[in-house]
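Structure first, commentary second.
The values are calculated or read from the model by the stated rules, or taken from the named source; none is laboratory data. Keep in mind that what you see is a predicted model, and the values were worked out from it rather than measured. When we count neighbours, we look across all protein chains shown, and the Cβ atoms used for this are built from the backbone with ideal geometry, even at glycine.
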């Protein structure tokens, strides 16, 4: 990855964060995940934890999941993106000439039961009988790739089946509360969750320790 993939002026939240300081202090990915993703006050909700609690409570009641297994992830949690393709940029509060779309709020549910339930629905869905165009095939391939890693991303499923429609209708109700899109994925277990974020964070650790920033 080249130095040009990170722009200091667009990742001020990262550079000023305890996350960044912990990397300079030689903390590893597991420590960073536990401290800054699993057990830290989310960047977006730092001044309104009641709203976060209410959103998580509704998600938990809808899908019969403990709120202790529902996490805010991504830039809404950290204040900056962990995605290299987004150049670790700051959370985008509002559209601008530079960024045409404000940052989403991304939640993650860790539940083997819910993962299995949706897996069963996918297996019952008769995909082989559907005519796929190129775009649908590419979406479904991406969906499968995440599925095999223990992560269900409803936004990538290309076909209109009941679970997908209900899922998006439910999460859409939160959009007006936070003035942005709210999305959510499901991880099979904590191991799948940790693997996903460990990979992204290790990339960032390498960049920072090479003094790219």
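Please state which of the following conditions residue 23 fails to meet, knowing it meets all the rest: (1) assigned to a strand (DSSP E or B); (2) touching a residue at least 60 places away in the same chain (Cβ under 8 Å); (3) crowded, with 19+ Cβ neighbours inside 10 Å.
Every listed condition holds for residue 23 apart from (1).
Test residue 105 against the criterion of being crowded, with 20+ Cβ neighbours inside 10 Å, within 22 Å of residue 182 (Cα to Cα) and out of contact with any strand residue (DSSP E or B) (no Cβ under 6 Å at 6 or more places or on another chain), and give yes or no. I'd like the intermediate steps shown before the answer.
On the way: crowded, with 20+ Cβ neighbours inside 10 Å: yes; within 22 Å of residue 182 (Cα to Cα): yes; out of contact with any strand residue (DSSP E or B) (no Cβ under 6 Å at 6 or more places or on another chain): no.
Judged against the criteria, residue 105 is not a match.
What's the number of the only condition in (1) at pLDDT below 85; (2) surrounded by 11 or more Cβ atoms within 10 Å (Cβ to Cβ); (3) not in a helix (DSSP H, G or I) that residue 96 fails to meet?
Every listed condition holds for residue 96 apart from (2).
Looking at (1) modelled with pLDDT of 95 or more; (2) closer than 22 Å to residue 199 by Cβ, which one does residue 59 not meet, given that it meets all the others?
The one condition residue 59 does not meet is (2).
Residues in the stretch 169-183: is at least one part of a strand (DSSP E or B) and either closer than 20 Å to residue 105 by Cβ or in contact with a helix residue (DSSP H, G or I) (Cβ under 6 Å, 6 or more places away or on another chain) (or both)? Write out each step before concluding.
Within the stretch 169-183, the subset part of a strand (DSSP E or B) is 182-183.
If we keep only those that are either closer than 20 Å to residue 105 by Cβ or in contact with a helix residue (DSSP H, G or I) (Cβ under 6 Å, 6 or more places away or on another chain) (or both) too, we end up with 182-183.
Checked the stretch 169-183: at least one residue is part of a strand (DSSP E or B) and either closer than 20 Å to residue 105 by Cβ or in contact with a helix residue (DSSP H, G or I) (Cβ under 6 Å, 6 or more places away or on another chain) (or both).
Is it the case that some residue within the stretch 190-209 is touching a residue at least 12 places away in the same chain (Cβ under 8 Å), outside any helix (DSSP H, G or I) and in contact with a strand residue (DSSP E or B) (Cβ under 8 Å, 6 or more places away or on another chain)?
Filtering the stretch 190-209 for residues touching a residue at least 12 places away in the same chain (Cβ under 8 Å) gives 190-198, 200-205, 207-209.
Okay, now just the ones that are also outside any helix (DSSP H, G or I), so none.
No, the conditions are met nowhere in the stretch 190-209.
Of all residues in the stretch 44-64, which are in contact with a helix residue (DSSP H, G or I) (Cβ under 6 Å, 6 or more places away or on another chain) and either crowded, with 20+ Cβ neighbours inside 10 Å or assigned to a loop (DSSP other than H, G, I, E, B) (or both)?
Scanning the stretch 44-64 gives 44, 45, 56.
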